[in-house]
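These notes concern the structure reproduced below.
The values are calculated or read from the model by the stated rules, or taken from the named source; none is laboratory data. These figures come from a predicted structure and were not determined experimentally. Glycine also receives a Cβ, built like all others from the backbone with ideal geometry; neighbour counts cover every protein chain displayed. Heads up: the accessible areas ignore ligands, DNA and RNA and are worked out on the full protein's heavy atoms, side chains in. Shrake-Rupley method; radii C 1.70, N 1.55, O 1.52, S 1.80 Å.
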Amino acid sequence: MLSTNLKSKLVLALGACIVGTTVAAADFPTRDIRLIVPWPAGGGADAISRKISNIAEQELPKSIYVENIAGAVTATGLIQMTGSRPDGHTVGVLTYDSIITLPRGQMVPGYSLDNMTPIARITSEADAIVVSKHSGINTFEELVEKAKANPGEVRVGVAPKGSGPYLSVSQLEQLLDVDFNVITYAGSSSAEAEALLSGELDAAISSLGDFSGIIGSGDAKGVVELTSVQNQTYTDVPTISSKGYDLQTGSFIVLAAPKDTPAESIATLEAAFKSAYDTAEFQDWLKQIGVTADWLGSDGVNVWIDELQNKTFTLMDQLNL
């Protein structure tokens with residue numbers, strides 16, 4: 001049995017801890033915020049994360065710095081995030097692979113969305129088919145025609161099996177009744193961009209924003225976007241629905257902190273990123289690179305994630321993926 005004196009000391013100590021945590025959350029941030037991007041530098045997720053964090057830090061008394069920690073289809077960086085002190089000073093960037101690919105395959109021990117607190121969704125991007133200038137292909141119709149005439153020969157680059165682009169190419173093969181030579185690339189879309197530049201690939205699937213550099217230089221061309229909504233930046237790239245097909249696939253950017261991060265710290269982060277999101281600078285920049293602004297705050301992200309997983313996992317079951 002504990003003595004009355006000892007019980008009193010324990011209560012006081014517990015109270016001090018609670019007060020200390022509350023004060024720390026109220027003073028947040030007390031040091032620079034680490035934003036972990038789980039892809040190599042140079043890809044679309046990296047560029048968006050850097051842009052919005054550069055603006056968001058203007059709302060805070062401390063800076064936000066980006067650290068690229070790639071590996072295990074985003075799990076390496078995000079496990080570091082979830083293993084950090086849950087005080088709001090470490091934030092992670094989640095993409096399609098973080099929410100769909102990893103949980104679906106249960107690929108990495110210790111990785112779980114249950115260890116995270118979502119802050120907000122920032123963008124959504126439809127997948128698109130981009131062709132290399134070396135391919136001799138200039139339109140969606142020419143791509144389909146070439147694939148039908150040469151089964152298994154048209155080289156299409158996508159992220160590894162289980163990823164969004166891999167799911168897209170699997171659906172396209174069924175929808176178009178074609179057989180592509182599907183080549184997977186680990187890491188960010190920058191590897192596929194290099195392969196398009198060299199002629200190693202005829203086409204690749206990712207967002208138009210991911211390939212904005214080589215599209216702008218004329219080394220690649222978007223021939224179709226896998227959506228029903230016309231891209232307002234790349235108005236010359238038709239939607240697949242305009243070609244008579246129904247297919248909606250793509251990725252997104254979600255920010256999250258470790259589980260048990262104080263609600264006050266989450267609110268501060270969300271407010272800073274929302275302010276950055278609303279600026280003309282960020283909105284205009286997204287339009288320039290062809291990415292759709294698509295904010296969803298902390299109050300709705302969890303429901304959206306659950307709905308997305310249920311829908312996508314059902315489709316994967318149907319395709320035996």
Residues that are crowded, with 19+ Cβ neighbours inside 10 Å, among the hydroxyl-bearing types (Ser, Thr, Tyr) and within 30 Å of Pro103 (Cβ to Cβ): does region 133-143 have at least one? no
Residue list for region 163-193, restricted to those being among the charged types (D, E, K, R) and either open to solvent by less than 30 Å² (accessible area, probe 1.4 Å) or under 26 Å from Ser217 (Cα atoms) (or both): Glu192
So, in region 234-263, exactly how many residues are basic (Lys, Arg) and either within 30 Å of Ala276 (Cα to Cα) or under 22 Å from the mean Cα position of the chain (by Cα) (or both)? 1
What about Ile205, is it free of Cβ contacts under 8 Å to residues at least 40 places away in the same chain and assigned to a strand (DSSP E or B)? no
Looking at region 145-154, can you tell me whether even one residue there is over 19 Å from Thr249 (Cα atoms), in a helix (DSSP H, G or I) and of a type in the set (Gly, Ala, Ser)? yes
Quick one: count up the residues across region 34-43 that are of a type in the set (A, V, I, L, M) and open to solvent by 10 Å² or more (accessible area, probe 1.4 Å). 1
Considering only residues that are among the hydroxyl-bearing types (Ser, Thr, Tyr), more than 24 Å from Glu264 (Cβ to Cβ) and open to solvent by less than 10 Å² (accessible area, probe 1.4 Å), which ones fall in region 44-93? Thr74
Subset of region 98-117 (residues that are closer than 14 Å to Asp306 by Cα, open to solvent by 30 Å² or more (accessible area, probe 1.4 Å) and either touching a strand residue (DSSP E or B) at 6+ places or on another chain (Cβ under 8 Å) or in contact (Cβ under 8 Å) with a residue 40 or more places away in the chain (or both)): Pro103, Arg104, Leu113, Asp114, Thr117
